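Participant: Mind looking over this structure? Questions follow.
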Amino acid sequence: MATQVPPRRRAGLTQERSRDTRRRLVRTAMRLWAERGFETGIEDTTIDEIVQAAGVTKGTFYFHFAHKEEILLELGYQTAALLREEAARCITAKRSIEDSLRRVTSALVASVKAAPPAAVGRAMAEFHRPRRPGDEPPSSNPSFAQALEMLFARAREEGEVTGEVDPAEMAQIVEALYVESLREWSQGRLRHLNAALQRRTAIVLAGLRPGAAFPS
């Protein structure tokens, strides 16, 4: 008699296979686009070519993505998920806000540099494009700000940052800094991404220390 897989375990296996398929589609599309050049490769590559190279059906593609450009957004979501995991580790280890920001920023840079600058630039442009029919709502996906807000909330509890600014606003400020720096790097206007981001986040953090004056 065949061993029955418990429903909870079966659901977990199904979810893991779905994640693996989604990741395979992203890797395949990125490879095809890189081979053809991101300047025109995205437009020149059809969904049929992506699914054939990935070994899945077209229906499977549309189960995961509303359109091929959404794969670019997935790059950002994957990076944001990594940042959230790193932030959680920092909080568990009770690291200072300086050390935590340094580690999260380094994780961001490592993830981003795994993709060609041109891909990062196209992903940034896609994030700021007006939403298309079928796009998932932004709130359903991880963001850089979520990871940063976790860190700033704990830092405020520990008295490391001012209590006059909401952690969500602190996170939005650093997220905007991240985004602009990534745009500069993707355009070749910023050579040393990690050093620049570490310096810029340190400047922001200095302005958020207890006792800093803020306009009412």
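Participant: Taking the Cα-to-Cβ direction at E39 and at N141 and moving 7 Å from each Cα, how far apart do the two end points lie in nm?
Facilitator: 2.6 nm
Participant: Can you tell me the length gained on complete extension of the stretch R209 to Y62, counting 0.36 nm per residue apart and subtracting the Cα distance?
Facilitator: Full extension of this stretch gives 48.2 nm more.
Participant: Report the rotationally averaged projected area of the range 77-122 based on its alpha-carbon convex hull, in square nanometres.
Facilitator: Over every viewing direction, the Cα hull of the range 77-122 projects on average to 3.2 nm².
Participant: Could you give the nm distance between label points at S18 and K113, where each point is 7 Å from its Cα heading toward the beta carbon?
Facilitator: Output for this residue pair reads 3.5 nm.
Participant: Grab the beta carbon distance between E164 and D99, set R0 = 30 Å, and tell me the FRET efficiency rounded to 0.05.
Facilitator: Plugging the Cβ-Cβ distance into 1/(1 + (r/R0)^6) gives 0.80.
Participant: Also, I was wondering about something else. So what's the Cα pair-distance distribution over the range 91-216, bin width 10 Å, in %?
Facilitator: Taking all Cα pairs of the range 91-216, the binned fractions are 12, 40, 32, 15, 1 percent.
Participant: What do you get for the angle between helix 167-186 and the principal long axis of the chain? Use alpha-carbon atoms, 0 to 90 degrees, nearest ten.
Facilitator: Around 60 degrees separate the two axes.
Participant: What percentages, rounded to whole numbers, describe P(r) for the range 21-114 computed over all alpha carbon pairs with 10 Å bin width beginning at zero?
Facilitator: P(r) over the range 21-114, rounded to whole percents: 15, 38, 24, 17, 6.
Participant: Measure of size requested: the Rg and Dmax of the chain, with Cα atoms as the atom set and Å as the unit; please supply both.
Facilitator: Spelled out, the Cα radius of gyration and Dmax of the chain are 19.9, 73 Å.
Participant: Once the principal axes of the Cα atoms of the range 20-62 are found, what is the range along each, listed largest first in whole angstroms?
Facilitator: Largest first, the range 20-62 extends 26, 17, 14 Å along its Cα principal axes.
Participant: Here's a follow-up. Would you mind checking the tilt of helix 97-112 against the longest principal axis of the Cα atoms of the chain, expressed as 0 to 90 degrees and rounded to 10?
Facilitator: Once rounded, the angle reads 30 degrees.
Participant: Sticking with this one: By how many degrees, between 0 and 90 and to the nearest 10, does the Cα long axis of helix 70-92 differ from the longest principal axis of the chain?
Facilitator: 50 degrees
Computed from the coordinates by the stated procedures, all read-outs in this text should not be read as laboratory data. Just so we're clear, the structure is a prediction, and the values are computed from it rather than from any experiment. Using ideal geometry, Cβ is built from the backbone for each residue, glycine included, and neighbour counts are taken over all protein chains shown.
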